[in-house]
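Everything on this sheet refers to the single structure shown next.
The values are calculated or read from the model by the stated rules, or taken from the named source; none is laboratory data. Note that this is a predicted model, so its numbers are computed, not measured. Here the Cβ is made from the backbone with ideal geometry for all residues, glycine too, and neighbour counts use every protein chain on show. The protein model used for the area step is the full one, side chains on, heavy atoms only, and it has no ligands, DNA or RNA in it. Shrake-Rupley method; radii C 1.70, N 1.55, O 1.52, S 1.80 Å.
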Amino acid sequence: SPDEGWQVYTSAQAPDGKCLCTAVIPVQGTCSRDLRSHQLRQLMEKVSVGRPGADRRYRLSPLTEPLVCGWEDAHGRRHGSPRRGDQRGELKDKMTELLPLMPVLDQYKSDTRLIVHLKEEVRNLSGSLLAIQEEMGAYDYEELQQRVLMLEARLHACMQKLGCGKLTGVSNPITIRASGSRFGSWMTDTMTPSADSRVWYMDGYYKGRRVLEFRTLNDFVTGQNFVQHLLPHPWAGTGHVVFNGSLYYNKYQSNIAVKYHFRSRSVLVQRSLAGAGYNNTFPYSWGGFSDIDFMVDESGLWAVYTTNQNAGNIVVSRVDPQTLEVLRSWDTGYPKRSAGESFMICGTLYVTNSHLAGAKIYFAYYTNTSSYEYTDIPFHNQYSHISMLDYNPRERVLYTWNNGHQVIYNVTLFHVIKTSGEL
């Protein structure tokens with residue numbers, strides 16, 4: 001009825017027999033009043049009544065639909081909904097369950113910042129690598145290889161020229177270990193690559209046959225990881241040396257030189273040093289059957305001894321390491337019994353004047369010129385009784401057995417470099 005404030009603009013029947021009508025609520029009306037709400041429900045009921053068999057549906061106009069929706073929302077807010085209350089409770093419970101995740105989210109934020117920082121670093125590194133790649137790309141691989149080979153050759157030539165020189169100083173002693181008796185010898189190989197750091201240990205100065213081989217210097221210091229070699233012939237003195245995997249020593253009660261190969265555990269060759277004294281005939285000042293002393297320097301294997309023919313003066317002989325044949329000999333003129341110990345560096349024999357405290361390197365004999373000179377190089381004899389002194393050209397150090405202590409000394413060489421081209 002027009003008095004109720006409602007108007008029906010259209011009412012028609014669709015081609016399929018369905019009843020269609022359009023109702024418009026006045027603009028000044030509101031869906032929030034209970035009377036209007038009641039009227040709207042009545043209208044919806046009236047519209048939904050159709051002829052038998054027809055679909056009971058209604059449609060609101062675009063002007064009516066927002067108002068009806070607004071009424072439903074307002075109605076729901078005013079009267080409340082038990083279902084919405086339940087949802088709020090469930091939501092509160094869910095939020096409570098999620099509270100422990102807050103530290104995880106904080107850690108995630110921290111990790112995210114770290115990842116961003118790492119990405120920035122990777123980006124910078126990539127830029128640097130790209131620059132290096134571009135720089136390297138300027139050279140051909142074969143050209144770079146040739147340049148490397150050339151530099152290696154020049155470095156080797158320089159090292160060869162720096163390899164030998166005149167002894168000018170000996171460092172203070174460095175004690176590696178205290179073990180064994182008062183007399184003995186210890187050494188590393190004088191020729192093998194630096195990766196081979198085995199140490200050989202021979203306690204005592206006569207009739208010994210037991211040689212201990214330690215895997216590394218550290219094993220020697222701790223006394224662990226060693227194998228034992230039992231020599232077929234006992235040794236005399238302490239003048240032994242390891243050269244290219246073999247031990248060279250003086251056979252007890254003879255002037256025979258023995259070459260013992262460690263890997264095969266066998267004697268490869270033995271030969272007599274003609275005329276050489278033995279059995280304490282011409283030892284160093286400390287005695288100990290030290291008649292024959294083997295040593296190695298940059299130029300090879302040497303034997304130091306003396307004979308009756310040269311009146312007990314020190315003889316230096318160059319020895320073939322394969323056959324033990326004497327290649328050449330020099331008479332130094334220095335009495336062996338007055339020498340404490342001796343060693344070879346770059347073809348020069350250096351002799352100490354005593355094996356006791358206060359010793360110094362007193363004499364040098366140059367095999368390249370067959371000449372000698374007296375020297376005055378301080379030599380600190382810390383434990384007051386040296387029974388073995390040998391130079392290792394691979395390591396540029398002196399190995400010493402000093403009163404039951406295994407000691408090393410660094411050496412200082414004076415070099416005169418003669419260049420034949422650019423270095």
### Query
Which links in LYS336/LYS360; LYS166/LYS360; LYS259/LYS336 stretch past 18 Å when you go from one Cα to the other?
LYS259/LYS336
### Query
At a 1.4 Å probe radius, carbon and sulfur cover how many percent of the accessible area of the stretch 166-414?
48 percent
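Could you tell me what fraction of 2.2 N^0.38 Å the Cα radius of gyration of the stretch 166-414 comes to, as a two-decimal ratio?
On the way: Rg = 16.3 Å, N = 249, 2.2 N^0.38 = 17.9 Å.
Taking the Cα Rg and dividing by 2.2 N^0.38 Å, one obtains 0.91.
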### Task
Give, in nm to one decimal, the length gained when the segment between ARG328 and LEU230 is fully stretched (0.36 nm per residue of separation minus the Cα-Cα distance).
32.1 nm
### Message
Quick check for you: with a 1.4 Å probe and neighbouring chains kept, what is the accessible area per residue of the stretch 275-391, in Å²?
### Response
36 Å²
### Query
Expressed as cubic angstrom per residue, what is the convex hull volume of the alpha carbon set of the stretch 225-322?
113 Å³
### Task
Estimate the FRET efficiency between LEU98 and LYS119 by the formula 1/(1 + (r/R0)^6), using the beta-carbon distance for r and 22 Å for R0, to the nearest 0.05.
0.15
### Query
Can you give the convex hull volume of the alpha carbon atoms of the stretch 302-383 per residue, in Å³?
107 Å³
